[in-house]
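**Q** Okay, here's the structure, questions in a sec.
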Amino acid sequence: RRRLRWSLLLLVVVVVLVSGGVFVGVRVWGRPAKTAEAETGANEEGEGQQACDQDYLSVLRRKFVSDAPLLDQADPRIRAIEWLACADLIILDDNDSRLPQRYALLVVFFSNGGESWAFSGWAQPGIQECKWQHVACNPMDEVVSLQMTKASTKLSGRLPPELGLLSALLHLDVGRNRIEGTLPEQIYDLSHLTYLSFAENELASTISSRIGNLQKLTTLTLSDNFLSGELPKELKKCSRLQDFHAGRNIFSGDSVWDTMLSWSELASFDISGNAIGGRVPTEIGQMRNLEDLTLDFLELAGSTVPSELGNLSGLQFLSAESCALAGTLPTEIGRCTNLKHLAFSFNWFDFGPIPTFLASLSKLEILILIGASITGTVPTTIGSWSSLQGMSFERNNLEGTLPTELGLMTMLEFGVLVENSISGTVPSEVCGLWRLEDLHLDCN
């Protein structure tokens, strides 16, 4: 009898252990993970084949890809839901608010060659998306930042509409990649965005009038793409903008001048390299926060430089090269005492001598006036430009000799006076400029 009791007890223990092995699963964020039995079954079906939760896969299809039967298996959306159902160790309930963001990031991954990325965490089973490299979340585990720029691995593909599922997103930066195609309309649903950058990609589309929905934006960077059309007037609604960079695209029209006046906090404005016409408004002098103004290669034929720029006491960078500007530089620019960079090359100026007001710009570091029809001699006051690190007066009509005061420019690193009518010898005082690396005087 004792032997029989021990046999029955041993049988009970075995049954309990076997049952535990079959039914015990790990719960992660609301749903049970795949059991050991399921994994074993998958291996029996074929080496390397993964088990799928078919019920969960059906739920994901209904939730995210209603047109799934019409889609190719290589479609990034299909690949994302199959990864969630077949490979992931984190299984979220279909009503969990974190499921859409995990799915959206996976679609970004599969849409842009994610398999070749060197970013840690991405599409690795069991790792929460908030721990994926270049992703940041708030305390509620909502994705608030996706910053995928300046990386050694480049995104190569398209921006998927699923980005619109990242409803808590504040910061989106996918600059300096190889992204092509158009901007998805769903981007304009991200009403919490404060920072948005697509710079240095291969995007080719227009900017939708729906951009007016992004009223919390403080930075908008569209530079170096193939974006075209007129910048929509609805940008006026983005009244908090501080930095607007849209240079080197194919934008046209002239409405942007009126739009920019709505951005009272604007600090940096770059629309260079576009087919934008019109005139620089005199009201620009009221934009007292402006520090950086870049207007190179615009179509401003016959327009003049407004004297009101002199009211911008905080201006540090001013460049308007190859814009067909007429007239000359107003003396009021001498009041911009914080200027560090000044460039007005290749315009239609009737410049005359080098302006005397430049001597009052005590913080000026770079001065570029190429092909500006400058006449007269290099003034002796050049010695007072003590902060100047680089200057170019190439292709002008300067004459006479170089003043000895050139030797007082102790910060000078390069000087270009090519293609003028300067005569004489180089002052020996120049030999004391220990920072000077290049001094070009060819064709004089």
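The values are calculated or read from the model by the stated rules, or taken from the named source; none is laboratory data. Predicted model only: the values in this text are computed from it and were never measured. Ideal geometry is used to build each Cβ from the backbone, glycine not excepted, and the neighbour counts take in all protein chains shown. Only protein heavy atoms, including side chains, enter the accessible area calculation; ligands, DNA and RNA are left aside. Shrake-Rupley method; radii C 1.70, N 1.55, O 1.52, S 1.80 Å.
**Q** Does at least one position in segment 328-336 carry a residue that is at pLDDT below 95 and more than 21 Å from Thr356 (Cβ to Cβ)?
**A** No: zero hits.
**Q** Those residues that are within 13 Å of the chain's Cα centre (by Cα) and open to solvent by less than 20 Å² (accessible area, probe 1.4 Å), I need them from segment 181-216; list them, please.
**A** Leu196, Ser197, Phe198, Ala199, Asn201, Leu203
**Q** Please name all residue pairs, on different chains or six or more residues apart, with Cβ atoms under 6 Å, provided the first residue is in segment 426-444 and is in contact (Cβ under 8 Å) with a residue 40 or more places away in the chain and the second residue is open to solvent by 80 Å² or more (accessible area, probe 1.4 Å).
**A** Between residues of segment 426-444 that are in contact (Cβ under 8 Å) with a residue 40 or more places away in the chain and residues that are open to solvent by 80 Å² or more (accessible area, probe 1.4 Å), there is no close pair.
**Q** Just wondering, is there one or more residues in segment 298-310 that are on the phi > 0 side of the Ramachandran plot, at pLDDT below 95 and out of contact with any Ser or Thr (no Cβ under 8 Å at 6 or more places or on another chain)? Spell out how you get there, then give the answer.
**A** In the first step, residues of segment 298-310 are kept if they are on the phi > 0 side of the Ramachandran plot; the result is 302.
Cutting the leftovers down to at pLDDT below 95 gives us 302.
Adding the requirement that they be out of contact with any Ser or Thr (no Cβ under 8 Å at 6 or more places or on another chain) leaves 302.
Yes, because at least one residue in segment 298-310 is on the phi > 0 side of the Ramachandran plot, at pLDDT below 95 and out of contact with any Ser or Thr (no Cβ under 8 Å at 6 or more places or on another chain).
**Q** Another question, then. Here are Ala359, Ala301: which of them is of a type outside the set (Lys, Arg), surrounded by fewer than 17 Cβ atoms within 10 Å (Cβ to Cβ), part of a helix (DSSP H, G or I) and without any contact (Cβ under 8 Å) to a residue 60 or more places away in the chain? Walk me through it before giving the result.
**A** Details: Ala301 fails: part of a helix (DSSP H, G or I).
Exactly one residue qualifies, and that residue is Ala359.
**Q** Just to check your reading of the model, which residue among Gly310, Gly327, Gly285, Gly278 is out of contact with any Pro (no Cβ under 8 Å at 6 or more places or on another chain) and in contact (Cβ under 8 Å) with a residue 24 or more places away in the chain? Give the derivation first.
**A** Working: Gly310 fails: out of contact with any Pro (no Cβ under 8 Å at 6 or more places or on another chain); Gly327 fails: in contact (Cβ under 8 Å) with a residue 24 or more places away in the chain; Gly285 fails: out of contact with any Pro (no Cβ under 8 Å at 6 or more places or on another chain).
When all the criteria are applied, what remains is Gly278.
**Q** Can you name the condition, by its number, that Ser252 falls short on among (1) of a type in the set (Ser, Thr, Tyr); (2) surrounded by fewer than 16 Cβ atoms within 10 Å (Cβ to Cβ); (3) assigned to a strand (DSSP E or B)?
**A** Failed condition: (2).
**Q** Report whether or not Asn347 is touching a Gly at 6+ places or on another chain (Cβ under 7 Å) and surrounded by 17 or more Cβ atoms within 10 Å (Cβ to Cβ). Give the steps one after another, and end with the answer.
**A** Working: touching a Gly at 6+ places or on another chain (Cβ under 7 Å): no; surrounded by 17 or more Cβ atoms within 10 Å (Cβ to Cβ): yes.
In short, no.
**Q** Enumerate the pairs (first residue in segment 128-149 and of a type in the set (Asp, Glu); second residue anywhere and surrounded by fewer than 20 Cβ atoms within 10 Å (Cβ to Cβ)) with beta-carbon separation below 6 Å, excluding pairs fewer than 6 apart on the same chain, so at least 6 apart or on different chains.
**A** Every condition considered, the pairs that remain are Asp141/Cys130; Glu142/Ala168.
**Q** Test Gly247 against the criterion of being of a type in the set (Gly, Ala, Ser), in a loop (DSSP other than H, G, I, E, B), at pLDDT 95 or above and open to solvent by less than 10 Å² (accessible area, probe 1.4 Å), and give yes or no. Quick ask: steps written out before the conclusion?
**A** On the way: of a type in the set (Gly, Ala, Ser): yes; in a loop (DSSP other than H, G, I, E, B): yes; at pLDDT 95 or above: yes; open to solvent by less than 10 Å² (accessible area, probe 1.4 Å): yes.
Here the answer is yes, as Gly247 does meet what is asked.
**Q** Does segment 264-284 contain at least one residue that is surrounded by fewer than 16 Cβ atoms within 10 Å (Cβ to Cβ), part of a helix (DSSP H, G or I), out of contact with any Leu (no Cβ under 8 Å at 6 or more places or on another chain) and of a type outside the set (A, V, I, L, M)?
**A** The answer is yes, given that some residue of segment 264-284 is surrounded by fewer than 16 Cβ atoms within 10 Å (Cβ to Cβ), part of a helix (DSSP H, G or I), out of contact with any Leu (no Cβ under 8 Å at 6 or more places or on another chain) and of a type outside the set (A, V, I, L, M).
**Q** Consider segment 372-417. How many of its residues are within 16 Å of Leu441 (Cα to Cα), part of a loop (DSSP other than H, G, I, E, B) and open to solvent by 20 Å² or more (accessible area, probe 1.4 Å)?
**A** Residues meeting the conditions: 4.
**Q** Got a sec? Which strands (runs of 3 or more DSSP E) wholly within segment 60-165 have at least 3 residues that are open to solvent by less than 30 Å² (accessible area, probe 1.4 Å) and either at pLDDT 95 or above or of a type in the set (Phe, Trp, Tyr) (or both)?
**A** Numbers: elements: 135-137, 143-147, 156-158.
Per the criteria, 143-147.
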